[in-house]
1. Could you please find all residues in segment 183-194 being open to solvent by less than 50 Å² (accessible area, probe 1.4 Å), among the hydrophobic types (A, V, I, L, M, F, W, C) and not in a loop (DSSP other than H, G, I, E, B)?
2. Which of the residues that make up segment 58-73 are open to solvent by 10 Å² or more (accessible area, probe 1.4 Å) and either touching a helix residue (DSSP H, G or I) at 6+ places or on another chain (Cβ under 6 Å) or of a type outside the set (Ser, Thr, Tyr) (or both)?
3. Among the numbered conditions (1) within 30 Å of Gly270 (Cα to Cα); (2) out of contact with any Lys or Arg (no Cβ under 6 Å at 6 or more places or on another chain); (3) part of a loop (DSSP other than H, G, I, E, B), tell me where Pro235 comes up short.
4. Could you list, in sequence order, the residues of segment 430-469 that are without any contact (Cβ under 8 Å) to a residue 60 or more places away in the chain and in contact with an Asp or Glu (Cβ under 6 Å, 6 or more places away or on another chain)?
5. Going through segment 160-179 one residue at a time, which ones are open to solvent by 20 Å² or more (accessible area, probe 1.4 Å), under 21 Å from the mean Cα position of the chain (by Cα) and under 16 Å from Ala149 (Cβ atoms)?
6. Does Tyr185 satisfy the criteria of being among the hydroxyl-bearing types (Ser, Thr, Tyr) and modelled with pLDDT under 95?
7. All but one of (1) within 24 Å of Ile258 (Cβ to Cβ); (2) open to solvent by 70 Å² or more (accessible area, probe 1.4 Å); (3) in contact with a Gly (Cβ under 8 Å, 6 or more places away or on another chain) hold for Arg209, so report the exception by its number.
8. Can you tell which of His147, His142, His118 is open to solvent by less than 10 Å² (accessible area, probe 1.4 Å), in a helix (DSSP H, G or I) and within 28 Å of Asn217 (Cβ to Cβ)?
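The values are calculated or read from the model by the stated rules, or taken from the named source; none is laboratory data. All figures in this text were calculated on a predicted structure; none of them were measured in a lab. Note that each Cβ is placed from the backbone with ideal geometry, even for glycine, and that neighbours are counted across all protein chains shown. The area values use the complete protein model at the heavy-atom level, side chains included, leaving out ligands, DNA and RNA. Shrake-Rupley method; radii C 1.70, N 1.55, O 1.52, S 1.80 Å.
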Amino acid sequence: MPEIRYIDDDIVRVYKFGEPRKRENLLATLFWGDNVRVVGKEDGQWKLDFTRRTWNQQQGKYEWTSFVGAIPGEAKFRDEPILKVRFVDVGQGDAAIIDTPSGKLVIVDGGEGDHLRHYVSTAWAHVLRFEALECEAIVVTHGDADHFAGLTKILDAPRRPNNAMLDVKRIYHNGLVKAPTKVGYKNIFGKSEMIGGHRYAVELEDDVRTVPESRLNKYFRPWKRAVTDLGTRNPNLDVRRLSFGDNDAFDFLDDDGIKVRVLGPIVEDGGGKPALPYLHNESGGYSASHTINGHSIVLQLFYGNVRFLFGADLNAESEAGLLKKMRDDGLSLASDVLKVPHHGSHDFTPRMLEAVRPVVSVISSGDESLSKEYIHPRAGLVGALGKYSRPTVEKPLVYVTEMVAFFERVGHARIREMTEAGNESSSYIETRHAYVKRTFGIVHVRTDGERVLVVTHGGKPGQKESYAFRVDEQGDVAFEEKTSVV
């Protein structure tokens, strides 16, 4: 019987056993912590029971094919699994997947299109082949389409007809539900009131399933239906509004030694009911977009000595409020890995980055259309990341998902245009400068609570860029001296 083992090398390539180690015989590239089914050792190599999806050109579909894989005999194995966090390239949007040592999954946002669904269906194909993928929690940091419309698509996606892809136990959100813009900014989040000379959203929702259709915009209506369908399949589904201090929502991670601190949104008292203050645009006026962004769910995750901060779409005003709250409560924002707020927007305060002092910063952004072109990330933000990263680290790591993707120039092409709704139109455009996205810009971060490995993909099969460092109990960081491209 094959034995489940965990890779203890940073990067290991799996080739067909008995075949030359050439590109055409490459089965997979594994990272530190990946599990394999070890059959035994022969001819100085570890033999693996390896099954993967392959494309059947004649039948025009994927099929499962079994191989005997091989990795070098000097490859090392570890006894325990590790924490894996994947920042997934979803274009202009956010999505991250937390995969705990025991295999519990937490999805934080899901982009707007089908990117996350396609990634999950590929990365967990070996599970979906037999059953739905269990997901402990989905966190919708806030109700902008580029953060949650893709979650509707993944909840709707079948593993096979009449069989859902995901089995979700919990859905967490910030309580702000957006109405159609025609209602005006004062009512876009439901009822609002002036309290102490400031406008507050006072109709925070606990469960989107109880919200009338008239209160929902075109993205929230299908989301309500998807959550309702999910609740039908799972009557014990927990849908909950989170705010600062609701750390108990993640008690299910205790067995993995993981603690999560919920840092936002910071709810205030609105005359005896929970309320969120309206935030302002650069001109000083109230802004619905700044309000929903600034009141995102913000998570700080602790595993051993390593800390992650998921910054959602915080802006300068909400960052200032968070900094004050943390000071007042005697808490620290310092984190080793930062999911940079709001795709690298110009609307940030350097004091926030100075408080976090990240070693690894990940910006999720991507050009998709003229309507979604925000010039993200902004040059000033990228420069500030370099300036305010961990001062003891000479070469901090700054990633942008669209920059670690690989685009291949294919030349002349006729291309169907996309509509605003994300569908293919009947019209074509012709170009002699067409590019195809061959590799998506996914940033893999893995840790055992002390050592951290960060890996991204190159354009060539098996080509990766990696960095590794250690974090001690005082938070001091030491990088390992290794080649970073293999």
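1. Selection gives Ile188 alone.
2. Gln58, Gln59, Gly60, Lys61, Glu63, Trp64, Phe67, Val68, Pro72, Gly73
3. With (1) within 30 Å of Gly270 (Cα to Cα); (2) out of contact with any Lys or Arg (no Cβ under 6 Å at 6 or more places or on another chain); (3) part of a loop (DSSP other than H, G, I, E, B) applied to Pro235, the lone miss is (1).
4. Val436, Arg438, Thr456 - these are the residues of segment 430-469 that are without any contact (Cβ under 8 Å) to a residue 60 or more places away in the chain and in contact with an Asp or Glu (Cβ under 6 Å, 6 or more places away or on another chain).
5. Across segment 160-179, the qualifying residue is only His173.
6. Judged against the criteria, Tyr185 is a match.
7. In the conditions (1) within 24 Å of Ile258 (Cβ to Cβ); (2) open to solvent by 70 Å² or more (accessible area, probe 1.4 Å); (3) in contact with a Gly (Cβ under 8 Å, 6 or more places away or on another chain), Arg209 misses (1) alone.
8. Step by step, each of His147, His142, His118 is checked, and only His147 is open to solvent by less than 10 Å² (accessible area, probe 1.4 Å), in a helix (DSSP H, G or I) and within 28 Å of Asn217 (Cβ to Cβ).
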